[in-house]
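S.K.: Below you will find the structure I want to go over with you.
The values are calculated or read from the model by the stated rules, or taken from the named source; none is laboratory data. Just so we're clear, the structure is a prediction, and the values are computed from it rather than from any experiment. Quick reminder, even Gly has a Cβ in these numbers, built from the backbone with ideal geometry, and neighbours come from all protein chains shown. Areas reflect the complete protein model, heavy atoms only, side chains present, ligands, DNA and RNA absent. Shrake-Rupley method; radii C 1.70, N 1.55, O 1.52, S 1.80 Å.
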Amino acid sequence: MVAVLLVIVDHLFGWPRGGFIGVDVFFVISGFLITGLLLREFDRTGSISFVGFYRRRVRRIVPVATLVLVVVCIAGAALFTAARAQSIRVDALWAFFFASNWRFAIEGTDYFNADASISPLQHYWSLSVEEQFYLVWPAIMLVIGVFVTRRALAASKKRTIAAVVMGIIVAVSFGWAVYDTGTAHTWAFFSTFTRVWELGVGALLAIGAGLLAKIPRAASTYLAWAGLASITVGVFVISETGAFPAPLAAIPVVGTAMVIAAGIGGTTPYLRPLTNKASVYLGDISYSLYLWHWPLIIFLGALMETSFHYYLTVLAATAALSLFSYHFVENPIRKSTFLEPRTVRAESRRKKKNILVRPTMTQSSRYAAVGAVVLVTVAFAAYVLQPPEPATETPVRAAAAPVEQVAALGPAQTALAAEIDAAVDATSWPDLSPTMDEAINGAQAPADVVACGLVDRPDASRCTWGAADAPKTLMVLGDSMAMSYVELFKKFADSSNGQWNVRSEAMFGCAFVDLDVTTEDAGTTAACPGRKQAAVDAVNEAKPDVVVVSNLHTDIQPEVWVPAMESMTDKFAGSVGQIMFLSAPPNDKKASDCYTRTSSPADCISDITDTWRARARAELNLAYRLGGQYIDTRSLFCTADSYCPSFVGTTPMKSDSSHMTIEYGAKISPAFDEVLASVVGM
């Protein structure tokens, strides 16, 4: 109950911030329960039946999990674009084979996919971790049991050896989790190897149950409440971006272990918040609650504005589906003879034939059916009665804009501005080319340009364009944002009549700023400092006329960003004719979230965020101090009153919230040339 409610309120309301540690509570409970079952089986039979164990696991886990996977795939196909629906189907395939954690770890470390939409099946990662653990642990326990039996050792020796083995596993896993958390955070979050210690703590509790049962009942109450207090502390002090899963996950893990230890010897007095019937029932249906809540948050979030009606719809629908799946899918199959040997099934059928009156639906099932119908009605009413979206007020651009766009527009810019205005006013989607699906899956730059931004880049000559003997040179520095602009600079050089030579020293995932840049890809993180220094060396050697710096807009505060940027530019300022800062496109909505089968173009119109404006003001002021220039690209992506559509003409603008599509880059190339020519000359 505690675990599932923490997860749901965190995912739905975003508060308390550490509610996601409910998963860690689940891990400890699971390790305790499963290990206890295995120990009792070995004590009773002298062996562990792998077939029997996995038969029970399949009946317990797979039916409802598969039901949710099927429903999510159908809903994804009905609601989202073909690209996102296909991604969900792939997620479902990984989830079905209990490998979701590796799927999401790989996606999280892919800096080309860093802005991908959240999967409605992402919560299946924890099931994958558990089932991978249970592929190995029963075999280890059997080996220990056989070793003890053959040497005629006492049963206590078996538990001692099991405790030592699991203790080593816990220690190694925890140590690796601490290391991995500091070097590859996403891998650490999803990895089985960094989570095994949490399940292992639960296993140790089961192994030591005989000793823990001797805890006095008077002391058990204090121990249980201390454990709950530890979990509560974790909920409010732990965040996903900190030292988590290690060492901070130890807070909820130890707290959970204390609560379990307190209850091993019998009912713990004065613990009604956990032992009352309502809490126990929520614990019973926690698996169904966990499986249903996250897809509903994602799907309804795409259809509704965040409001009281949204929250009520999610909660009511989650409860309704959980009641249905627990009472009519999960429990009946778990208690059935499904997957049992033929003789067991035959005996079960024989007993049923001997019953004169077939059993009817149980009272609890009837209550569940009625409750599910009532909750579905509440969810439907909350959905249809949600108030209409308020009309969006036109932003007052002049009051907050960091740069006044007062320069006269060239002909290409004027034509583009008219198309952007028309796109903002569009009431239906045009026939886009490429399709929005293709745009979402598209690359951030052409293949030859992409190669220049990888960890292992080609020779500098392959990342240089324009006439070799051009009288003027320009170098591009920055991260993936700079890489997305390189093709435009390349075309600028090609159309300059031999006047300009352009070279890229940018790198994906490596912001050109004097700060430690940590990405989810360990190789990129390790290579970034060297690549930044190599870029500085290249500038000092080539002494270009212009250096253009462009980075993704992040939430790093300007008072931190500006000194760090100035520290980098000071390293080559004397070797450059002029330093320019090129703004990223305003980043707000991403098409993979707002573009659905039921959406309109208005749903995907972005605003210029406060984060974007703050960075723009900071870089404008820095450019002024350095005697350089700030290139404001808003006119290439937005209207004069700060509306930014998701397409222009028939061309999708961006593949995510920030990076423009290759096709849109080609579309705006003439206008970009005019912008660039106005500041650097031709």
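S.K.: For the chain, compute Rg over Rh where Rg is the Cα radius of gyration and Rh is the Kirkwood radius from the inverse mean 1/r over Cα pairs.
M.R.: Rg/Rh for the chain comes to 1.04.
S.K.: Moving to a separate point now. What pairs from Lys472/Lys543; Lys532/Lys590; Lys214/Lys277 go past 21 Å between their alpha carbons?
M.R.: Lys532/Lys590; Lys214/Lys277
S.K.: Starting from the amide H of Ser336, placed 1.01 Å from N in the peptide plane, find each other amide H under 5 Å away whose residue is 5 or more places distant or on another chain.
M.R.: none
S.K.: Would you rank Arg217, Arg55, Arg462 by solvent-accessible area, highest first, keeping every protein chain in place and using a 1.4 Å probe?
M.R.: Arg462, Arg217, Arg55
S.K.: Show log10 I(q)/I(0) for the stretch 1-160 at q = 0.13 Å⁻¹, two decimals, from a solvent-free Debye sum over equal Cα scatterers.
M.R.: Evaluating at q = 0.13 Å⁻¹ gives log10 I(q)/I(0) of -0.76.
S.K.: Could you work out the relative contact order of the stretch 484-627? I mean the mean sequence separation of Cα pairs under 8 Å and 6+ apart, divided by the number of residues, in percent.
M.R.: About 21 percent, as a whole number.
S.K.: Between Thr268, Ala243, Val384, whose Cα lies farthest towards the positive end of the dipole of the chain when Lys and Arg beta carbons carry +1 and Asp and Glu beta carbons carry -1, centred on the Cα centre?
M.R.: Thr268
S.K.: Using unit Cβ charges (K, R positive; D, E negative) and no other charged atoms, how large, in debye to the nearest 20, is the dipole of the stretch 508-563 about its Cα centre?
M.R.: Value, rounded to 20: 180 debye.
S.K.: May I pose another question? Hey, can you grab everything whose amide H is under 5 Å from the amide H of Gly442? Only 5+ residues off in sequence or another chain; H modelled, so Pro and N-termini drop out.
M.R.: Answer set, sorted by chain and number: none.
S.K.: Compute the distance from the alpha-carbon center of the stretch 364-387 to that of the stretch 158-212, in whole Å.
M.R.: Taking the Cα centre of the stretch 158-212 as reference, the centre of the stretch 364-387 is 42 Å away.
S.K.: Over all directions, what mean area does the Cα convex hull of the stretch 530-630 project, stated in square nanometres?
M.R.: 8.0
S.K.: Using alpha carbons only, how many angstrom separate the centre of the stretch 512-575 from the centre of the stretch 75-90?
M.R.: 38
S.K.: Dipole size in debye (nearest 20) for the stretch 598-649 around its Cα centre, Lys and Arg Cβ +1, Asp and Glu Cβ -1? Present the calculation step by step, with values, prior to reporting the outcome.
M.R.: On the way: 5 positive and 6 negative charges, 56 e Å.
Here the size comes out at about 260 debye.
S.K.: Only helical DSSP H runs with n ≥ 4 go in: add -39500 (n - 2.57) per run for the chain, normalise by residue count and round the 222 nm mean residue ellipticity to 500 deg cm²/dmol.
M.R.: -19000 deg cm²/dmol
S.K.: Would you tally the net charge around Phe20, using a Cβ to Cβ cut-off of less than 11 Å, leaving Phe20 out, and scoring K and R as +1, D and E as -1?
M.R.: Numbers: positive: Arg17; negative: Asp10, Asp24, Glu240.
Net charge in that neighbourhood comes out at -2.
S.K.: Next question. Give the residue from Tyr664, Met436, Phe80 lying farthest towards the positive end of the charge dipole for the chain; charges sit on Cβ (+1 for Lys and Arg, -1 for Asp and Glu) and the dipole is referred to the Cα centre.
M.R.: In the chain, that residue is Phe80.
S.K.: Next question, about the same structure. About the Cα centre of the stretch 530-648, what is the dipole size in debye to 20, counting +1 per Lys and Arg Cβ and -1 per Asp and Glu Cβ, all else neutral?
M.R.: On the way: 12 positive and 15 negative charges, 36 e Å.
Computed about the Cα centre, the dipole is about 180 debye.
S.K.: Same structure again: For Lys571, what is the net charge nearby, where nearby means another residue's Cβ is under 12 Å from its Cβ and Lys, Arg count +1, Asp, Glu -1?
M.R.: Net charge in that neighbourhood comes out at -3.
S.K.: In terms of solvent-accessible area of protein heavy atoms at a 1.4 angstrom probe, what is the ranking of Arg615, Arg334, Arg350, highest value first? List each step's numbers first, then the result.
M.R.: On the way: Arg615 5, Arg334 95, Arg350 115 Å².
Output order, biggest surface exposure first: Arg350, Arg334, Arg615.
S.K.: Could you pull out every residue, at least 5 positions away or on a different chain, whose amide H is within less than 5 Å of the one on Val648? Hs are placed 1.01 Å off N in the peptide plane, and Pro or chain starts have none.
M.R.: Met653
S.K.: Still on this structure, please answer the following. Just by accessible area at a 1.4 angstrom probe, what is the order of Glu663, Glu541 from largest to smallest?
M.R.: On the way: Glu663 85, Glu541 155 Å².
The ordering from most to least exposed comes out as Glu541, Glu663.
S.K.: Continuing with the same structure: Could you work out the relative contact order of the stretch 544-682? I mean the mean sequence separation of Cα pairs under 8 Å and 6+ apart, divided by the number of residues, in percent.
M.R.: Details: 181 pairs, mean separation 37.5, N = 139.
With pairs under 8 Å counted, the relative contact order is 27 percent.
S.K.: Which aspartates and glutamates, if any, have their Cα less than 18 Å from the Cα of Lys335, not counting same-chain residues under 8 positions apart?
M.R.: Those aspartates and glutamates meeting the cut-off are Asp284, Glu347.
S.K.: Give a quick list of chymotrypsin sites (Phe, Trp or Tyr not before Pro) in the stretch 191-296 that DSSP marks as loop, anything other than H, G, I, E or B, with at most 13 other Cβ atoms within 10 Å.
M.R.: Counting only loop positions with at most 13 other Cβ atoms within 10 Å, the chymotrypsin sites (Phe, Trp or Tyr not before Pro) in the stretch 191-296 are Tyr270.
S.K.: Answer rounded, prolate or oblate for the stretch 219-271, using the Cα gyration tensor with square roots of eigenvalues a ≥ b ≥ c: rounded when a/c is under 1.5, else prolate when a/b is larger than b/c, else oblate.
M.R.: prolate
S.K.: What shape does the stretch 511-555 take by its C-alpha gyration tensor, where a ≥ b ≥ c are the square roots of the eigenvalues and a/c under 1.5 counts as rounded, a/b above b/c as prolate, and the rest as oblate? Each step should come with its number before you reach the end.
M.R.: On the way: a/c = 3.17, a/b = 1.56, b/c = 2.03.
Oblate, because a/c is 1.5 or more while a/b does not exceed b/c.
S.K.: Now, a different point. Just add up the charged neighbours of Ser433: K/R +1, D/E -1, any other residue whose Cβ is under 13 Å from the Cβ of Ser433.
M.R.: It works out to a net charge of -3.
S.K.: Remind me, relative contact order of the chain in percent, using alpha carbon pairs under 8 angstrom and six or more residues apart?
M.R.: Values: 1066 pairs, mean separation 98.0, N = 682.
Relative CO of the chain lands at 14 percent.
S.K.: If you don't mind, another one. Using only the Cα atoms of the stretch 589-682, build the gyration tensor, take square roots of its eigenvalues as a ≥ b ≥ c, and label the shape rounded, prolate or oblate: rounded if a/c is under 1.5, else prolate if a/b is larger than b/c, else oblate.
M.R.: oblate
S.K.: Once you have the alpha carbon radius of gyration of the stretch 464-587, what is it after dividing by 2.2 N^0.38 Å, with N set to its residue count?
M.R.: Working it through for the stretch 464-587, the quotient is 1.04.
S.K.: Show me the helices of the chain, taken as full DSSP H stretches, that run 15 Å or more along their long axis by Cα and average 1.6 or above in Kyte-Doolittle hydropathy.
M.R.: Qualifying helices, which must be both long enough and hydrophobic enough, are 2-13, 196-207, 250-263.
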